[in-house]
Amino acid sequence: MSTTQLAKFYAQLGDAVEDIYLEPDMDEDIDDMSIHLGNLLGGHTVLELGCGTGYWTEVVAESAASVLALDINANLVDIARERGMPADKVSFRVADALDLPEDIGKFSAVLVSFLWSHLTKGEQEKLLATLKKRLGKDVLLVILDESFVEGFSETTARTDAEGTTWEIQTLDGERYELPKSYPSDSALRKRLGNVGKEIKIERVEFFWILTCRLK
């Protein structure tokens, strides 16, 4: 399963995962997305999937009522905890977004941050089915991910029979083949249409953000 390779890659990457945000050209887009996320998730009880080192968790925590942030990698969750966010507002858990624990609890919003594009088409379907089953109707779904930027983004190496695109990454001399997609608005609407209503998509140069309500 691709998530095994993905988890291993990001575990090895550790806090270097945030190096991408040091790109000077990205500053304005990060500010725009931070403000937008704050407005969208203000006052919500938020479940964040794929929290990584907690970069966006910290952004969301400023306006949300509470955040439970999940990641499959325990070492990334440890890094996120070290940010020192208020314990009465932000909690963390090591868990697989595609196999949410039954005792996950109730939330008014779910944030999928930079995970969607790293899932195969089949895994995206599984994630949506899991969210619908565990969280129920009318929960706000927010998906934040990367746009393709010429000269900056990795080019995809191949497309499989399912339609999933893959990229090659090398880290510490080890080669990884990882799912990586840069979906169009129409592809996103088609993918989310069965589970979401009131779908809205906004784009800046480096990022896109989709919001909808679970049906």
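The values are calculated or read from the model by the stated rules, or taken from the named source; none is laboratory data. Not measured: the values here are computed from a predicted model. Here the Cβ positions follow ideal geometry from the backbone for every residue, glycine too, while neighbour counts run over all protein chains shown. Note: areas computed on protein heavy atoms with side chains; ligands, DNA, RNA excluded. Shrake-Rupley method; radii C 1.70, N 1.55, O 1.52, S 1.80 Å.
In the list VAL94, VAL67, which residue meets the criterion of being over 17 Å from ILE20 (Cβ atoms), open to solvent by less than 10 Å² (accessible area, probe 1.4 Å) and modelled with pLDDT of 95 or more? First the steps, then the outcome.
Values: VAL94 fails: open to solvent by less than 10 Å² (accessible area, probe 1.4 Å).
Of the residues listed, the single one that is over 17 Å from ILE20 (Cβ atoms), open to solvent by less than 10 Å² (accessible area, probe 1.4 Å) and modelled with pLDDT of 95 or more is VAL67.
Just wondering, is there one or more residues in segment 20-28 that are out of contact with any strand residue (DSSP E or B) (no Cβ under 8 Å at 6 or more places or on another chain) and either among the basic types (Lys, Arg) or under 17 Å from LEU115 (Cβ atoms) (or both)?
Taking segment 20-28 as the starting set, the residues that turn out to be out of contact with any strand residue (DSSP E or B) (no Cβ under 8 Å at 6 or more places or on another chain) are 20-28.
Among the residues that remain, those that are also either among the basic types (Lys, Arg) or under 17 Å from LEU115 (Cβ atoms) (or both) are: 20-21.
Yes; the residues of segment 20-28 include at least one that is out of contact with any strand residue (DSSP E or B) (no Cβ under 8 Å at 6 or more places or on another chain) and either among the basic types (Lys, Arg) or under 17 Å from LEU115 (Cβ atoms) (or both).
Would you say LYS126 is open to solvent by 40 Å² or more (accessible area, probe 1.4 Å), assigned to a helix (DSSP H, G or I), without any contact (Cβ under 8 Å) to a residue 24 or more places away in the chain and not acidic (Asp, Glu)? Break it down stepwise before answering.
On the way: open to solvent by 40 Å² or more (accessible area, probe 1.4 Å): yes; assigned to a helix (DSSP H, G or I): yes; without any contact (Cβ under 8 Å) to a residue 24 or more places away in the chain: no; not acidic (Asp, Glu): yes.
It is false that LYS126 is open to solvent by 40 Å² or more (accessible area, probe 1.4 Å), assigned to a helix (DSSP H, G or I), without any contact (Cβ under 8 Å) to a residue 24 or more places away in the chain and not acidic (Asp, Glu).
Residues in segment 141-160: is at least one more than 22 Å from TYR21 (Cα to Cα), of a type in the set (A, V, I, L, M), touching a residue at least 60 places away in the same chain (Cβ under 8 Å) and open to solvent by less than 40 Å² (accessible area, probe 1.4 Å)?
Restricting attention to segment 141-160, the residues satisfying the condition of being more than 22 Å from TYR21 (Cα to Cα) are 141, 157-160.
Filter once more, keeping what is of a type in the set (A, V, I, L, M): 141, 157.
Next cut, touching a residue at least 60 places away in the same chain (Cβ under 8 Å) only: 141.
Subset that is open to solvent by less than 40 Å² (accessible area, probe 1.4 Å): 141.
Yes, segment 141-160 has at least one match.
Against the definition (open to solvent by 50 Å² or more (accessible area, probe 1.4 Å), over 16 Å from TRP116 (Cβ atoms) and in a helix (DSSP H, G or I)), how does THR4 come out, yes or no? Let's see the steps before the verdict.
Numbers: open to solvent by 50 Å² or more (accessible area, probe 1.4 Å): yes; over 16 Å from TRP116 (Cβ atoms): yes; in a helix (DSSP H, G or I): yes.
The answer is yes for THR4.
Pick from segment 161-188 the residues that are of a type in the set (D, E, K, R) and crowded, with 16+ Cβ neighbours inside 10 Å: which of them is modelled with the highest pLDDT? Explain how you work it out, then say what you get.
Keep residues of segment 161-188 that are of a type in the set (D, E, K, R), which gives 162, 167, 172, 174-175, 177, 180, 185.
Then drop every residue that is not crowded, with 16+ Cβ neighbours inside 10 Å, which leaves 167, 180.
Numbers: GLU167: 85, LYS180: 91.
Applying the filter and picking the extreme gives LYS180.
Does LEU47 qualify as being of a type in the set (A, V, I, L, M), modelled with pLDDT under 95, in contact with a helix residue (DSSP H, G or I) (Cβ under 8 Å, 6 or more places away or on another chain) and closer than 28 Å to THR164 by Cβ?
Working: of a type in the set (A, V, I, L, M): yes; modelled with pLDDT under 95: no; in contact with a helix residue (DSSP H, G or I) (Cβ under 8 Å, 6 or more places away or on another chain): yes; closer than 28 Å to THR164 by Cβ: yes.
So LEU47 fails the test.
Determine whether LEU49 is farther than 14 Å from PHE206 by Cβ, open to solvent by less than 10 Å² (accessible area, probe 1.4 Å) and touching a residue at least 60 places away in the same chain (Cβ under 8 Å). Can you show your working first?
Numbers: farther than 14 Å from PHE206 by Cβ: yes; open to solvent by less than 10 Å² (accessible area, probe 1.4 Å): yes; touching a residue at least 60 places away in the same chain (Cβ under 8 Å): yes.
Taking the combined requirement at face value, the residue satisfies it.
Inspect segment 191-212 for any residue being closer than 18 Å to PHE148 by Cα, touching a His at 6+ places or on another chain (Cβ under 8 Å), assigned to a strand (DSSP E or B) and at pLDDT 95 or above and give the result as yes or no.
Of the residues in segment 191-212, the ones closer than 18 Å to PHE148 by Cα are 201-210.
Among the residues that remain, those that are also touching a His at 6+ places or on another chain (Cβ under 8 Å) are: 202, 209.
Within this subset, residues satisfying the condition of being assigned to a strand (DSSP E or B) are 202, 209.
Next cut, at pLDDT 95 or above only: 202, 209.
Scanning segment 191-212, I find at least one residue that is closer than 18 Å to PHE148 by Cα, touching a His at 6+ places or on another chain (Cβ under 8 Å), assigned to a strand (DSSP E or B) and at pLDDT 95 or above, so the answer is yes.
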